[in-house]
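Encoded as structure tokens, the structure appears first; notes follow it.
Every number in this text was worked out from the coordinates using simple rules, so none of it is lab data. This structure is a prediction, so every number in the text was calculated from the model and none was measured. Neighbour counts are summed over all protein chains in view; Cβ atoms, including those assigned to glycine, are modelled from backbone coordinates with ideal geometry.
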Amino acid sequence: MTHQERIRIFDSQGEAYKQAFQIFLQHTDQKRNAKRWLQGVVEQLPAHRVFIDAGAGNGEVTRSFADAFTNTIAIEPNVHLRNQLQQTLPTVEAIGLPILAAQPNAPGDLILCSHAFYYIPPEEWAAHLERLVSWMSPTGMTIVVLQHRESGCMNMLHHFFGHRFELRQTADAFRAKHGDQYDVTVTLEPAHVETPDLSKAYAVAEFMLNLLEITCAPTRHDVETYVQAHFATHDGRYRMPVHQDFLMISRRPNGKEA
């Protein structure tokens, strides 16, 4: 390795991306914690007719909750991921369109959009949130999940690219626009990536940095130096915070219709 070697820029359908994502999944409690938290929400819903998973990916999260609902609709425009989803969940209705173009045929008692807003331009977040909420049944809930803006990995992304994902700002703007029509809350849930060595910690860091479109890639040396300085533990392992924000929106019983 030279000091000038750059981090890789991944193709989301390429093998390198899949390998990096798998390393992330093998060393994090993020997905497990999210599923546990969401399960508590699902159990409290007054109806379980339709589950809409927007940005469903390969269906990993979809599969966890599909059995709790009479019908499940998965929205995933990526052909490769949608094919995986349909192989795993052949009874789920799969819509191969972006969120703003999709038109589910029934209102959802749970609308879930988990870690998809990374891939949506920030100036379009408000429109996407409005679209998700428009699919919600009168007693349903819309949930958007994203890493907390100041989790360890998001601080790293800001360090190298000067960017943060501002989900709470989008929640505040929605709340201000709609007044007393909806209950809007954001809950922070802790999660971490823990790896036994620098090589795997670096692989996770490289994966996280690819959440943004990279035009000027930092050097591998600079990323490894950052990882060692911020995530190394006293026992030679690496612990990277990947805390999650859960934005929850539901209609107030006495809320005014827009």
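Observations, loosely collected:
- Fraction of antiparallel bridges per DSSP, the chain only, in percent to nearest 5: 55
- Neighbourhood charge, 13 Å Cβ-Cβ cut-off, centred on residue 184 and excluding it, Lys, Arg +1 and Asp, Glu -1: 0
- For residue 138, the shell of other residues with beta-carbons less than 10 Å away shows a net charge of 0, using +1 for Lys and Arg and -1 for Asp and Glu.
- Each peptide in 201-213, 163-175, 4-16, 66-78 gets a packing score, the mean of other Cβ atoms within 10 Å over its residues, and the list from highest to lowest is 201-213, 66-78, 163-175, 4-16.
- Dipole-positive endmost among 33, 89, 20 within the range 10-93 (Cβ charges, Cα centre): 33
- Expected 222 nm ellipticity per residue - DSSP helices of 4 or more, -39500 (n - 2.57), all of the chain, to 500: -12000 deg cm²/dmol
- Neighbour counts of other Cβ atoms within 10 Å put 45, 129 in the fewest-to-most order 45, 129.
- Note: relative contact order over the chain, using C-alpha pairs below 8 Å and six or more positions apart, is 25 percent.
- Potential extension, residue 159-residue 17 segment - 0.36 nm per residue separation minus Cα distance: 48.9 nm
- Cα-based shape type of the range 1-126, given that a ≥ b ≥ c are square roots of the gyration tensor eigenvalues and the cut on a/c is 1.5: prolate
- If you take all other residues with their beta carbon under 14 Å from the beta carbon of residue 105, and give Lys and Arg +1 and Asp and Glu -1, the sum is 0.
- With respect to the chain, whose longest principal axis is taken over its alpha-carbon atoms, helix 30-44 is tilted by about 10°.
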